[in-house]
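Working notes, beginning with the structure itself.
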Amino acid sequence: MGPHPAVAAIRLAVRRVLHDILIEQHTDTEQHTVTEQHTGVEQRTGVGQQADRTNRERPRAPLVLVACSGGADSMALASALAFEAPKLGIRAGGITVDHGLQPGSDLRADDVVQRLRSLALDPVESVAVTVGRAGGPEAAARDARYAALDAAAERHGAAAVLLGHTRDDQAETVLLGLARGSGIRSLSGMAAVSGAGGRYRRPFLLLDRQTARKACLVQSLPVWDDPHNTDPSYTRSRLRHEGLPALEKALGRGVVEALARTAQLSRDDADALDSWAGQAESSVRDATGLLECAKLFALPPAVRRRILRRAAIEAGAPAGSLFARHIEEVDRLITGWRGQGAINLPGKVVAQRQGGRLVIRQG
């Protein structure tokens, strides 16, 4: 008899991601070998060449880490990784981040470490972080967490870090983006692959939260329910327990699935527009690299605003603090020029129009 359907679903999702990682690793190894050959590393022949191949250390099996809070989603992910990785010749480890936001958080982190070790994951570690205040408590905690995960991945030489975000999380992210009015990129939600070099992988974006919880239940995996997830002082918590249920009551079941589909469609559109903007950017700059207002005006608004946003970020504006309203103000220097003054942007960046050119720089 096979595993419970919920367990089978999470294992299949993880297996697909691990296969992708192996293919990427194999491709990178082949490209590295070709480069060595072109630089003469393997130009010797006969016995000498054979000795080189024998003595060259074989590539170590890739390491994949799971980011685990101890909740149902990440514990289900950890169990699936522990089951699937050895069958594919992949090393599997785990990281838990102690945000220090609740009494006894260090004890909770130690408990998660023990759970991960009981799944035979190795290496396993707990990382304590200090959460700042920039952007609000949720954003600050997220920034601290990803910084810790980035450092852990570098420290252990991990090929990837798996995250337990589900379809429900994706739906919440889309609604939060919609509320901010930040444009189609916000509506695209979380990517299945993100981070530097595709470090972060989200196998569960097509699975609902209940599937992960059921998988933990049938495998007798203990889970920890973060009290912040039910704290109404957090926006995402209110959305999860009040907003989404109200939408489902008004619109019927299937809202979560529809929002997740919207995320994928929006991501496809946003990627295409980003590519267009990247190709068009060089054509709207003069010989000195300044943006020419007339050429910008001729572009579709969605493409033009992407170029403006990219220019602002390159000048030092923090991407997380640069909102649609900022870019709209800069865009008016192109489309509604009436001699208005400079526009102040986050990060002490200033945008102003000078002699038919748009200058964006540190103020």
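Taking the conditions exactly as written (without any contact (Cβ under 8 Å) to a residue 24 or more places away in the chain and within 30 Å of A192 (Cβ to Cβ)), does A311 satisfy them or not?
no
Kindly establish whether S105 is within 24 Å of I21 (Cβ to Cβ) and assigned by TED's automatic domain parsing to the domain that holds V218.
no
All but one of (1) in contact with a helix residue (DSSP H, G or I) (Cβ under 8 Å, 6 or more places away or on another chain); (2) touching a residue at least 12 places away in the same chain (Cβ under 8 Å) hold for H156; state the number of the condition that does not hold.
(1)
Exactly one of these conditions fails for W337: (1) under 21 Å from G183 (Cα atoms); (2) among the hydrophobic types (A, V, I, L, M, F, W, C); (3) in contact (Cβ under 8 Å) with a residue 24 or more places away in the chain. Give me its number.
Of everything listed in (1) under 21 Å from G183 (Cα atoms); (2) among the hydrophobic types (A, V, I, L, M, F, W, C); (3) in contact (Cβ under 8 Å) with a residue 24 or more places away in the chain, W337 misses just condition (1).
Hey, among V131, V112, V127, which residue is closer than 30 Å to L176 by Cβ, touching a Phe, Trp or Tyr at 6+ places or on another chain (Cβ under 9 Å) and either assigned by TED's automatic domain parsing to the domain that holds H99 or not basic (K, R) (or both)?
Details: V131 fails: touching a Phe, Trp or Tyr at 6+ places or on another chain (Cβ under 9 Å); V127 fails: touching a Phe, Trp or Tyr at 6+ places or on another chain (Cβ under 9 Å).
When all the criteria are applied, what remains is V112.
On the basis of being buried (at least 16 other Cβ atoms within 10 Å of the Cβ), of a type outside the set (G, A, S), out of contact with any Pro (no Cβ under 6 Å at 6 or more places or on another chain) and farther than 16 Å from G278 by Cα, does L296 make the cut? First the steps, then the outcome.
Values: buried (at least 16 other Cβ atoms within 10 Å of the Cβ): yes; of a type outside the set (G, A, S): yes; out of contact with any Pro (no Cβ under 6 Å at 6 or more places or on another chain): yes; farther than 16 Å from G278 by Cα: no.
So L296 does not fit the description; no.
Within segment 215-225, can one find any residue that is part of a helix (DSSP H, G or I) and surrounded by fewer than 18 Cβ atoms within 10 Å (Cβ to Cβ)? Working first, answer last.
So the first thing to find is which residues in segment 215-225 are part of a helix (DSSP H, G or I), and the list is 215-218.
Now restrict to residues that are surrounded by fewer than 18 Cβ atoms within 10 Å (Cβ to Cβ): 217-218.
Scanning segment 215-225 turns up at least one residue that is part of a helix (DSSP H, G or I) and surrounded by fewer than 18 Cβ atoms within 10 Å (Cβ to Cβ).
Given the criterion of a type in the set (D, E) and either over 30 Å from Q25 (Cα atoms) or modelled with pLDDT under 90 (or both), identify the matching residue among D271, D208, D231.
D231
The values are calculated or read from the model by the stated rules, or taken from the named source; none is laboratory data. Being a predicted model, the structure only gives us computed values, none of them experimental. Neighbour counts are summed over all protein chains in view; Cβ atoms, including those assigned to glycine, are modelled from backbone coordinates with ideal geometry.
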